[in-house]
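Engineer: Structure below; questions to follow.
The values are calculated or read from the model by the stated rules, or taken from the named source; none is laboratory data. Owing to the predicted nature of the structure, the values given are computational and were not obtained by experimental measurement. Positions of Cβ are generated from backbone atoms using ideal geometry, with glycine treated the same way; all protein chains shown enter the neighbour counts.
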Amino acid sequence: MEKKLVVRLHASFEDMLQKDPETGTEFWLARDLQMLLGYKDWRNFLKVIEKAITSCTNSGFDPQDHFVEITKMVELGSGAKREIDDIALSRYACYLIAQNGDPSKDPIAFAQTYFALQTRKQEVVEQRLAETERVSARHKLTRSEKELSGIIYDRLGDNDSFARIRSKGDTALFGGKTTLDMKYRLGVPKGRPLADFLPTITIKAKDFANEITNFNIKQNELRDESGITQEHVRNNQEVRRLLQDRGIVPEQLPPAEDVKKVERRLASEQKKLPKRVKKLQVTGPEDGE
C-alpha cells in the first residue's frame with residue numbers, strides 16, 4: 001500500500017472520529033465508516049456489521065456495549081431535514097467490521113491494522129501494515145512454489161527437478177549469485193529457506209516469476225526439464241531487469257527480519273486484542289442536530 005494512501009486514510013479515519021460531549025466516549029458512526037471502507041450500498045454494509053456483531057458475541061462480549069443504535073438528522077438536497085438510523089461504533093466494533101470486510105479493498109486492509117493496534121500513531125500503523133504485507137507475500141510465494149513443484153512433478157515425475165529449476169531461477173534473479181550465495185550473504189540459518197529473510201519486494205519478485213512460469217508451462221505444454229528451466233530462468237531475468245530499471249538490485253538489498261518471527265509477533269498481538277475493550281457509552285444522537 002502506497003505511503004500517500006496510508007497518510008490519506010489515516011487522516012480520514014481521524015477526521016471521522018466522534019466524541020460524546022457528556023461521557024467523552026470516542027466512537028465512529030457506521031454511515032461514515034461505510035464510505036471510508038468503500039461500501040456504496042448501506043444494505044451491503046449492514047451485512048458486514050451483522051457479521052461483526054456475531055463475532056462480538058462469539059468472543060464473549062455484549063454487542064450492545066459496542067454497537068449502539070442511534071438516529072440523526074441529515075439535510076436533503078431541497079434543504080429539508082430527515083431522520084435516519086445510524087449505529088455508533090466503538091473502536092472494537094470497528095475492528096470487527098474491518099475483520100469481516102473485503103480484505104482486497106485497501107481501506108479495509110488499513111482499517112484492520114488501524115483499529116487492531118488500538119492507537120492512532122501513524123508510524124506504528126505503517127510498520128504493522130508493512131509486516132502484514134510481508135507475511136502475506138511470503139504465504140503467496142509458498143503457494144506459487146507449491147503449484148510450480150506440482151506442475152513439474154506432474155510433467156517430469158522427478159522429485160529433485162523442482163529444486164534444480166528453482167535454484168537456477170534464483171541465480172537469474174540475483175545476477176549470477178546462487179541460492180547458497182544469497183543465504184551466506186544474508187546470514188540465513190542452516191536449514192531455513194532463503195525467502196524467509198528476503199525483503200517484501202524480492203519475495204514478490206520471486207512469486208511473480210513463479211506465476212509466469214506456471215502459466216507458460218501449461219500454456220505452452222512444456223514437458224521437459226530443459227524447456228521448463230529455460231522458461232523459469234527467462235522469467236526471473238525479466239523480473240530482475242524490471243527491478244533494475246527502477247533502481248532495485250535484488251542481491252544488494254539488506255536482509256529482512258525472519259518472517260516467522262514477524263508472523264508470531266502479529267499472531268501474538270492478535271490474541272491480546274480482545275482481552276480488554278471499552279464499552280461504548282453514547283448519551284444521544286450526534287451529527288446534524
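Engineer: Got a sec? Which of Arg246, Arg223 is in contact with a Lys or Arg (Cβ under 8 Å, 6 or more places away or on another chain) and surrounded by fewer than 17 Cβ atoms within 10 Å (Cβ to Cβ)?
Structural biologist: Values: Arg246 fails: in contact with a Lys or Arg (Cβ under 8 Å, 6 or more places away or on another chain).
It is Arg223.
Engineer: How about the stretch 200-223: which of its residues are farther than 14 Å from Ile152 by Cα and touching a residue at least 60 places away in the same chain (Cβ under 8 Å)?
Structural biologist: Within the stretch 200-223, Thr200, Ile203, Lys204, Lys206, Asp207 meet the criteria.
Engineer: Kindly list the number of the only condition in (1) modelled with pLDDT under 80; (2) outside any helix (DSSP H, G or I) that fails for Thr113.
Structural biologist: Failing condition for Thr113: (2).
Engineer: Let me ask another. Can you tell me which residue is farthest from Thr113 (Cα to Cα) among those in the stretch 1-51 that are of a type in the set (Asp, Glu) and modelled with pLDDT under 85?
Structural biologist: First, the residues of the stretch 1-51 that are of a type in the set (Asp, Glu): 2, 14-15, 20, 22, 26, 32, 41, 50.
Now restrict to residues that are modelled with pLDDT under 85: 2, 14-15, 20, 22, 26.
Numbers: Glu2: 15, Glu14: 14, Asp15: 17, Asp20: 24, Glu22: 29, Glu26: 18 Å.
Going through the qualifying residues, I end up with Glu22.
Engineer: Looking at (1) surrounded by fewer than 16 Cβ atoms within 10 Å (Cβ to Cβ); (2) farther than 27 Å from Glu221 by Cα, which one does Thr142 not meet, given that it meets all the others?
Structural biologist: Failed condition: (2).
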